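S.K.: This is the structure I have questions about; it appears just below.
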């Protein structure tokens with residue numbers, strides 16, 4: 001796979017952002033997706049990005065391995081797994097553009113709902129409906145555009161997880177999710193030996209980004225952390241819509 005200097009530069013910037021995002025506040029997923037789409041034609045960008053995300057997840061799990069709330073992961077992951085299967089089968093039924101607009105609107109709605117829920121917690125029965133909705137939609141979103149991050153960020157914020165528990169739970173969740181996606185992506189021909197060679201080149205930069213991100217996370221308070229997550233989700237939703 002021959003790449004221009006510009007494409008290689010975009011790939012390396014994406015690798016840094018993968019590490020930083022996975023080990024800190026997250027929310028940079030849409031930027032990485034856009035950079036990778038500029039560097040690689042068509043759907044191949046998703047195949048190059050997925051192993052990079054998995055390596056970033058592994059690093060984040062190492063940093064925050066003791067901070068995962070497994071009850072939360074096990075509650076929503078089976079629903080996301082169902083969503084991945086649904087997304088796999090409907091990927092050709094609607095255009096990427098149409099889905100992106102729909103997803104952007106949903107994220108905006110969830111942002112507003114998240115602020116309301118913070119002041120008026122959901123009843124347990126309502127919370128279950130909320131979990132099912134987020135879980136399945138996240139699975140569909142990750143198959144279409146690697147765009148599950150903003151939805152899951154809103155969900156974890158709604159649970160009121162502390163800063164480290166938020167990142168630790170998110171890290172384990174996405175490691176499981178991205179590993180689960182590998183057979184589906186390989187079956188679609190998105191992951192190849194050539195793309196894996198490029199992934200090897202990116203590992204030092206992902207590690208560097210993760211080290212920077214972990215240090216950054218220690219320096220922010222929880223209030224700032226929440227609004228950084230919401231701001232990132234807002235940017236993602238606006239980009240998806242427009």
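S.K.: Hey, fewest Cβ within 10 Å first, where do 133, 55, 144 land in order?
M.R.: On the way: 133 15, 55 23, 144 19.
Ranked by crowding around the Cβ, least crowded first: 133, 144, 55.
S.K.: Now, a different point. How far, in degrees from 0 to 90, does helix 44-63 lean away from the longest principal axis of the Cα atoms of the chain, to the nearest 10?
M.R.: Taking the Cα atoms of the chain, the angle to 44-63 is about 60 degrees.
S.K.: Report the relative contact order of the chain, percent, no decimals, based on alpha-carbon pairs under 8 angstrom and at least 6 residues apart. Each step should come with its number before you reach the end.
M.R.: Details: 330 pairs, mean separation 101.5, N = 242.
Relative CO of the chain lands at 42 percent.
S.K.: Treat the count of other C-beta atoms within 10 Å as a stand-in for reagent exposure and order 10, 34, 58 from fewest to most.
M.R.: Listed from fewest to most nearby Cβ atoms, that is 34, 58, 10.
S.K.: Still on this structure, please answer the following. Mind checking the log10 I(q)/I(0) for the chain at q = 0.11, 0.18 Å⁻¹? Debye, one equal scatterer per Cα, no solvent, two decimals.
M.R.: Rounded to two decimals, the profile gives -0.52, -1.52.
S.K.: Let me ask you something else. What's the angle, to the nearest 10 degrees (0 to 90), between helix 124-145's Cα axis and the longest principal axis of the chain?
M.R.: Taking Cα atoms only, the helix is inclined about 10 degrees.
S.K.: Add -39500 (n - 2.57) for each DSSP H run of 4 or more in the chain, then divide by its residues: what number comes out at 222 nm, to the nearest 500 deg cm²/dmol? Before the final figure, lay out the partial values.
M.R.: Working: 10 runs with 198 residues, N = 242.
Using -39500 (n - 2.57) per qualifying helix, the result is -28000 deg cm²/dmol.
S.K.: What residue among 206, 76, 86 has the largest mean-square fluctuation in a Gaussian network model of the chain, using Cα springs under 10 Å?
M.R.: 86
S.K.: While we're on this one: To test your reading of the geometry: what angle, between 0 and 90 degrees and rounded to tens, separates the Cα axis of helix 222-241 from the longest principal axis of the chain?
M.R.: Between helix and principal axis, roughly 60 degrees.
S.K.: Neighbour counts of other C-beta atoms within 10 Å: give me 230, 170 arranged from fewest to most. Don't skip to the end; give the middle numbers.
M.R.: Values: 230 18, 170 25.
Ranked by crowding around the Cβ, least crowded first: 230, 170.
S.K.: If you don't mind, there's one more thing I want to ask. Work out the FRET efficiency for residue 95 and residue 66 from their Cβ-Cβ distance, taking R0 = 41 Å, and round it to the nearest 0.05.
M.R.: Working: r = 43 Å, r/R0 = 1.05.
The pair residue 95/residue 66 has a calculated efficiency of 0.40.
S.K.: If you stretched the chain out fully between residue 4 and residue 180, how much longer would it get, using 0.36 nm times the residue separation minus the C-alpha to C-alpha distance?
M.R.: Working: separation 176, 0.36 × 176 = 63.36 nm, distance 3.16 nm.
Length gained between residue 4 and residue 180: 60.2 nm.
Values in this text are rule-based calculations from the coordinates and carry no lab data. Computed from a prediction, not measured in an experiment: that's the story for all the values here. Neighbour counts are summed over all protein chains in view; Cβ atoms, including those assigned to glycine, are modelled from backbone coordinates with ideal geometry.
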